Amino acid sequence: MKNAVIGNNKQKANLIVLGAVPRLLYLLQQSSSSAELRTECAVVLGSLAMGTENNIKSLVDCHIIPALLQGLLCPDLVFIEACLRCLRTVFISPVTPVQLLYTDPTVIPHLMSLLSRSQRTQEYITQIFSHCCKVIYTPIRHNMMTTSLFLHSLNIAVLVDGELLSQVFVRMMQRDKPIEMQLTAAKCLTYMCRAGAIRTDDNCIVLKTLPCLVRMCSKDRLLEERVEGAETLAFLMEPDVELQRIASITDHLVAMLADYFKYPSSVSAITDIKRLDHDLKHAHELRQAAFKLYASLGSNDEDIRKKITETENMMDRIVSGLSESSIKVRLAAVRCLHSLSRSVQQLRTSFHDHAVWKPLMKLLQNAPDEVLVMASSTLCNLLLEFSPSKEPILESGVIELLCSLTQSDSPALRVNGIWALMNMAFQADQKVKVEIMRALGTEQLFRLLSDPDANVLMKTLGLLRNLLSTRPHIDQIMSSHGKQIMQAVTLILEGEHSIEVKEQTLCILANIADGNTAKELIMTNDDMLQKVKYYMGHSNVKLQLAATFCISNLVWNEEDGSQERQDKLREMGFVDILHKLTQASDPNLCDR
């Protein structure tokens with residue numbers, strides 16, 4: 001059987017269909033079977049598992065996992081290794097439910113105790129752990145219960161021969177250990193760290209895991225190792241600026257990554273033709289990994305970003321990455337660009353010099369959502385008022401594109417579309433504001449003001465606030481859309497919304513109060529004035545300030561009709577409230 005199925009998927013499928021799996025499992029579980037027979041059964045099952053995903057499904061349906069886990073209790077090391085090898089193959093398949101590893105709370109501690117039995121048990125068990133941590137960490141499958149169970153079992157100070165598990169992994173990362181073992185142990189520690197089971201400033205992360213992963217990025221490592229090393233390192237330090245700083249000065253990492261783009265080079269030391277052919281087919285994976293790692297490195301620190309953009313031809317590489325045929329490379333390149341676009345200096349210099357907005361705009365045409373989210377996020381930064389790219393982007397007809405994003409089913413795309421429009425409207429000419437209102441349409445604007453996503457609502461209010469700035473603009477927009485805008489403001493001030501949302505809405509009202517003709521829309525609306533009065537007496541200082549600001553804009557002496565407005569507000573009891581507020585504990589509120 002064993003010889004028939006090795007490397008032959010058709011034979012594997014035939015054996016499974018013929019019902020070989022239950023019979024093999026029966027023999028494997030019989031205490032009367034000899035150790036040799038049980039081992040051979042485990043080897044054949046392992047070989048069947050090496051086939052297609054359907055094979056794995058069939059094996060899992062036959063309850064192979066509990067049978068193999070039971071087999072680990074046997075004293076025979078060769079049999080244990082065969083069971084572990086098969087379990088490793090089953091668990092690294094995407095179709096295996098990883099929860100099956102945690103249904104019995106004794107399993108993980110037992111696996112720990114087997115770690116030190118041999119180099120093979122170490123290798124298989126760390127691969128199982130590494131994969132199960134990773135699957136748990138994938139947000140799509142994120143199940144907090146499973147995570148906490150798994151990490152709890154990994155972090156109850158489990159001792160393997162009197163040693164902490166993290167220390168066992170640290171030992172596996174020593175340079176004299178096989179590369180695959182070093183890498184797998186580093187991945188285990190990375191996932192444990194990202195899930196909060198190990199602190200980011202722990203020595204086993206800073207002094208062991210991080211340097212081990214940086215070593216994997218050097219040019220004498222195989223392509224797969226360099227890819228996995230870079231991607232794991234990017235994931236490890238993604239949320240932690242201190243790790244990013246340490247990595248950026250470890251072994252010239254920033255320069256070392258530049259080699260990822262020159263691979264395989266003409267003077268490549270690869271003499272194995274098969275290897276060369278394989279690497280040429282997979283060279284794009286190196287570029288993707290390098291972009292991911294640069295994105296992670298530069299996500300917070302200005303000096304690191306500068307270092308990255310000054311690396312040879314870096315901006316050109318990103319620009320060409322944005323139009324590569326591989327979607328994964330395009331996504332990684334735009335992530336890298338997004339990371340660098342958080343820098344004011346880079347927006348003013350390298351982004352402008354390389355006109356990165358052009359390939360970015362091209363990327364925004366019919367890309368998958370994942371790419372669109374990153375690309376539109378980057379575009380938001382390129383549209384900030386100090387970015388020299390803002391003007392050419394405006395001239396390229398971007399408004400229609402952004403308005404279409406606000407109609408997406410994806411909340412992230414709606415946020416980015418409206419955010420970019422908000423940045424665009426900031427201190428913009430009247431022509432641009434009118435164009436935004438025309439392209440977006442009042443219906444869509446008000447649909448966004450009742451969006452279930454709080455971020456979309458906040459950014460829409462931000463857009464409205466930027467549109468309603470400078471008097472002529474305020475008066476012009478309120479003369480054509482005043483009724484609907486006042487209606488929207490009323491709904492938000494009456495609704496169940498956060499302090500931030502209400503504060504932003506009162507600021508919009510204060511802008512309207514600053515218009516010459518627009519202020520009449522407030523003065524002739526007693527209901528609105530009562531609302532302002534209510535918020536002046538609110539318990540939250542931010543809301544009190546915004547509401548008081550609104551009144552101060554209505555009563556300026558030097559403006560036409562100020563006397564009548566003052567009389568009306570006096571009659572409505574605003575003076576008493578203002579008297580009361582001069583005694584407020586907040587100095588800004590007293591001044592106002």
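The values are calculated or read from the model by the stated rules, or taken from the named source; none is laboratory data. What you see is a predicted model; the values in this text were computed from it and never measured. Ideal geometry is used to build each Cβ from the backbone, glycine not excepted, and the neighbour counts take in all protein chains shown. Side chains are part of the model used for accessible areas, which takes the heavy atoms of the whole protein and leaves out ligands, DNA and RNA. Shrake-Rupley method; radii C 1.70, N 1.55, O 1.52, S 1.80 Å.
Here are some notes:
- For the stretch 524-545, the set of residues classified as open to solvent by 10 Å² or more (accessible area, probe 1.4 Å) and of a type in the set (A, V, I, L, M, F, W, C) consists of V541, L545, listed by residue number.
- Only listed residue being open to solvent by 40 Å² or more (accessible area, probe 1.4 Å) and modelled with pLDDT under 90, chosen from E312, E302: E312
- Taking the criterion of being assigned to a helix (DSSP H, G or I) and more than 19 Å from T190 (Cβ to Cβ), the residues of the stretch 89-100 that qualify are T89, V90, Q99, L100.
- Residues in the stretch 101-121 that are in a helix (DSSP H, G or I), open to solvent by 30 Å² or more (accessible area, probe 1.4 Å) and under 14 Å from V168 (Cα atoms): P109, S113, Q119.
- Qualifying residues in the stretch 5-44 (those that are at pLDDT below 90 and among the small types (G, A, S)) - the one farthest from the chain's Cα centre (by Cα): S31
- Identity of the residue in the stretch 4-40, touching a residue at least 40 places away in the same chain (Cβ under 8 Å) and farther than 20 Å from Q70 by Cα, that ends up most open to solvent (accessible area, probe 1.4 Å): I6
- Unique match (being touching a residue at least 24 places away in the same chain (Cβ under 8 Å) and open to solvent by less than 30 Å² (accessible area, probe 1.4 Å)) among V398, V373: V398
- Against the test of being open to solvent by 70 Å² or more (accessible area, probe 1.4 Å) and without any contact (Cβ under 8 Å) to a residue 24 or more places away in the chain, the options S479, S585 yield a single qualifying residue, S585.
Residues are listed down the side, and each one gets a yes or a no for (1) among the acidic types (D, E); (2) open to solvent by less than 10 Å² (accessible area, probe 1.4 Å); (3) in contact (Cβ under 8 Å) with a residue 40 or more places away in the chain:
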residue	(1), (2), (3)
I179	no, no, yes
T184	no, no, yes
K187	no, no, yes
T200	no, no, yes
L210	no, yes, yes
A230	no, yes, yes
F235	no, no, yes
D251	yes, no, yes
F261	no, no, yes
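- Each residue in the stretch 442-468 was checked for being surrounded by fewer than 16 Cβ atoms within 10 Å (Cβ to Cβ) and either in contact with a strand residue (DSSP E or B) (Cβ under 8 Å, 6 or more places away or on another chain) or outside any helix (DSSP H, G or I) (or both), and 3 of them qualify.
- The single residue among L448, L491, L421 that is of a type in the set (A, V, I, L, M, F, W, C) and out of contact with any helix residue (DSSP H, G or I) (no Cβ under 8 Å at 6 or more places or on another chain) turns out to be L491.
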